[in-house]
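Engineer: Got a structure for you, written out below as structure tokens; questions coming shortly.
The values are calculated or read from the model by the stated rules, or taken from the named source; none is laboratory data. The model shown is predicted, which means the values in this text are computed figures rather than measured ones. Cβ placement follows ideal geometry from the backbone for every residue including glycine, while neighbour counts extend to all protein chains displayed. The protein model used for the area step is the full one, side chains on, heavy atoms only, and it has no ligands, DNA or RNA in it. Shrake-Rupley method; radii C 1.70, N 1.55, O 1.52, S 1.80 Å.
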Amino acid sequence: MTSTAQVAGRSPVRRLAGTLHRHSRLRLSLLLTAPLLWLAVLYLGSLAVLFVSAFWTTNSFTSEVVKVWSTDNFHALFTTPVFRQVILRSIGVALAVTALCAVIAFPVAFYTARIAQPKWRPLLVVAILTPLWASYLVKVYAWRLILSQGGLADWMLEPFGLNGPGFGLPAAVIALTYLWLPYMILPIHAALEQLPANLLDASADLGGRPVRTFRSVVLPMVLPAVAAGSVFTFSLSLGDYITVQIVGGKTQLIGNLVYSNIELNLPMAAALGTVPVVVIVLYLLAMRRTGALSSL
């Protein structure tokens, strides 16, 4: 009787807390409900609106959206040479940035994870993360000053009889590589830090040269981390348009076409916007086979 009276005398909050304590699945469901609703309504809902509006058309005279189902926008994407060139160029830039990030990130991560003294490693990781704390626009405009005519790039290359790349596609690749490089270094650093030292010693004891050890021991174990970093560098480069607009000169990527069509031809901008989404989904499916998603 006493315990029944005590239970009846509890406040609703205490009874709810007791129920949640006894039912862990209910507690987890309530915790995930809000973020899942946010994801479903705002993110997935926005993508759904994007895909639907890509099948609409515009009035050629007033530029107003006409909500009539049509595949003309997608037909134009694959039949118009300009659109095909921009799509291929955007994918090529994303792949080039990813490759450059991987080449630069690996020796940096190897030094911070395996060569540097343990007391300095946290500081080196902080130094790698420091550029991410700066404003995106500040970093891009800094590269605009570096790559401009008579800028730092020209000044450094002048003794060798060379000039800087100036503004254009190479400048966009360089700036994007700088922007997204930390996203490649960090997963490789984490993978190399977890690499057992006895594997490297065993390879050396068996007569394996450094190149063979790297190819047969280090690379297979670090490859999922490289693929994980490439997910960030590839997707961020594919969807970028501000960097190309600032340092790319007359270069046009998908993001620039979306930006230029957003007011004049919204359905075409939506159709262009679906291209990076589809490409990134295909890229994620390809990276899934390497174990990259489990390394994120």
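Engineer: Would you be able to tell me the number of residues in the range 265-289 that are in contact with a strand residue (DSSP E or B) (Cβ under 8 Å, 6 or more places away or on another chain) and open to solvent by 20 Å² or more (accessible area, probe 1.4 Å)?
Structural biologist: Total satisfying the criteria: 2.
Engineer: Which one is farthest from Val173 (Cα to Cα), of the residues in the range 96-122 that are open to solvent by 90 Å² or more (accessible area, probe 1.4 Å) and part of a helix (DSSP H, G or I)?
Structural biologist: Per the criteria, the residue is Ile115.
Engineer: Right, another one. Within the group Ser46, Ser53, which residue is surrounded by 11 or more Cβ atoms within 10 Å (Cβ to Cβ) and either modelled with pLDDT of 75 or more or among the acidic types (Asp, Glu) (or both)?
Structural biologist: Exactly one residue qualifies, and that residue is Ser53.
Engineer: Something else about it: Please name all residue pairs, on different chains or six or more residues apart, with Cβ atoms under 6 Å, provided the first residue is in the range 147-172 and is open to solvent by 70 Å² or more (accessible area, probe 1.4 Å) and the second residue is at pLDDT 90 or above.
Structural biologist: Leu152/Ile146; Phe167/Val247
Engineer: Here is a further query. Please enumerate the residues belonging to the range 68-81 that are surrounded by 11 or more Cβ atoms within 10 Å (Cβ to Cβ) and touching a helix residue (DSSP H, G or I) at 6+ places or on another chain (Cβ under 9 Å).
Structural biologist: Ser70, Asp72, Asn73, Phe74, Ala76, Leu77
Engineer: Out of all the residues in the range 243-274, which are among the aliphatic types (A, V, I, L, M) and at pLDDT below 90?
Structural biologist: Leu253, Ile254, Leu257, Val258, Ile262, Leu264, Leu266, Met268, Ala269, Ala270, Ala271, Leu272
Engineer: Right, Phe214: modelled with pLDDT of 85 or more, over 30 Å from Thr58 (Cβ atoms), aromatic (Phe, Trp, Tyr) and open to solvent by 20 Å² or more (accessible area, probe 1.4 Å) or not?
Structural biologist: No; evaluated as a whole, the condition is false for this residue.
Engineer: Give me the pairs: first residue in the range 79-96 and touching a residue at least 12 places away in the same chain (Cβ under 8 Å) and under 19 Å from Ser235 (Cα atoms), second residue among the β-branched types (Val, Ile, Thr) and open to solvent by 70 Å² or more (accessible area, probe 1.4 Å), beta-carbon distance under 6 Å, and six or more apart or on different chains, which are they?
Structural biologist: none
Engineer: So, one more: Of Leu257, Leu253, Leu219, which residue is open to solvent by 30 Å² or more (accessible area, probe 1.4 Å) and either within 25 Å of Tyr178 (Cα to Cα) or touching a residue at least 24 places away in the same chain (Cβ under 8 Å) (or both)?
Structural biologist: It is Leu219.
Engineer: Considering each of Leu264, Leu272 in turn, give the residue that is in contact (Cβ under 8 Å) with a residue 60 or more places away in the chain and outside any helix (DSSP H, G or I).
Structural biologist: Leu264
Engineer: Okay, moving on. Which one of the conditions (1) open to solvent by less than 100 Å² (accessible area, probe 1.4 Å); (2) over 24 Å from Pro276 (Cβ atoms); (3) at pLDDT below 80 does Leu31 fail to meet, given that it meets all the rest?
Structural biologist: For Leu31, the exception is condition (1).
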